[in-house]
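First the structure, in the form of structure tokens, and then the observations on it.
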């Protein structure tokens, strides 16, 4: 039952993120509360600890990116809410899958908008180890401001579903 609620909430979060570029607290907070209550009822206080650990890991994994301006607070809260249901180990896996999906999504966006060459140009040195990543800065590229923002809630949703469905 927990996975059904999780997938339903992820679908709603994705649709809302795509339509409004926002994941509202009305989705993330009830999902996190559901995870806590579900695990409390199924495993007692050990379930609460499991769920809280998932919240901390899920939110913690994305918190630095939020603080650096790389994503919205709704994305962080969504991953934390996912953690309330999946627990710490599985939310870690879901975040890895989400990062892979998000990377493919970002490449598709820059490719579609004709910015792939410029993106590779400014990113390659950092990825190649020629300079620390913190010093890699995108040059002012005409049209770059016109790139759409990523709806990372979509990547979180797809990544989480892939992580849950992965072969054991």
### Query
When you look at residue 86, is it closer than 19 Å to residue 28 by Cβ, more than 11 Å from the chain's Cα centre (by Cα) and surrounded by fewer than 16 Cβ atoms within 10 Å (Cβ to Cβ), yes or no?
no
#### Entry: Odd one out for residue 19 among (1) within 20 Å of residue 165 (Cβ to Cβ); (2) surrounded by fewer than 17 Cβ atoms within 10 Å (Cβ to Cβ)
(1)
### Message
Given the options 65, 40, 36, name the one that is under 17 Å from residue 155 (Cβ atoms) and in a helix (DSSP H, G or I).
### Response
65
### Task
May I ask you to verify whether residue 74 is assigned to a helix (DSSP H, G or I), surrounded by 21 or more Cβ atoms within 10 Å (Cβ to Cβ), at positive phi and at pLDDT 95 or above?
no
### Summary
Residues of region 13-29 being in a helix (DSSP H, G or I) and either out of contact with any helix residue (DSSP H, G or I) (no Cβ under 6 Å at 6 or more places or on another chain) or more than 13 Å from residue 78 (Cβ to Cβ) (or both), in sequence order, are 15, 16, 18, 19, 20, 25, 26, 29
### Task
Answer yes or no as to whether residue 133 is within 27 Å of residue 148 (Cα to Cα), at pLDDT below 95, out of contact with any helix residue (DSSP H, G or I) (no Cβ under 8 Å at 6 or more places or on another chain) and surrounded by fewer than 14 Cβ atoms within 10 Å (Cβ to Cβ).
no
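The values are calculated or read from the model by the stated rules, or taken from the named source; none is laboratory data. If you're wondering where the values come from, they're calculated on a predicted model, not measured in any experiment. Here Cβ is always computed from backbone atoms with ideal geometry, including for glycine, and neighbour counts include all displayed protein chains.
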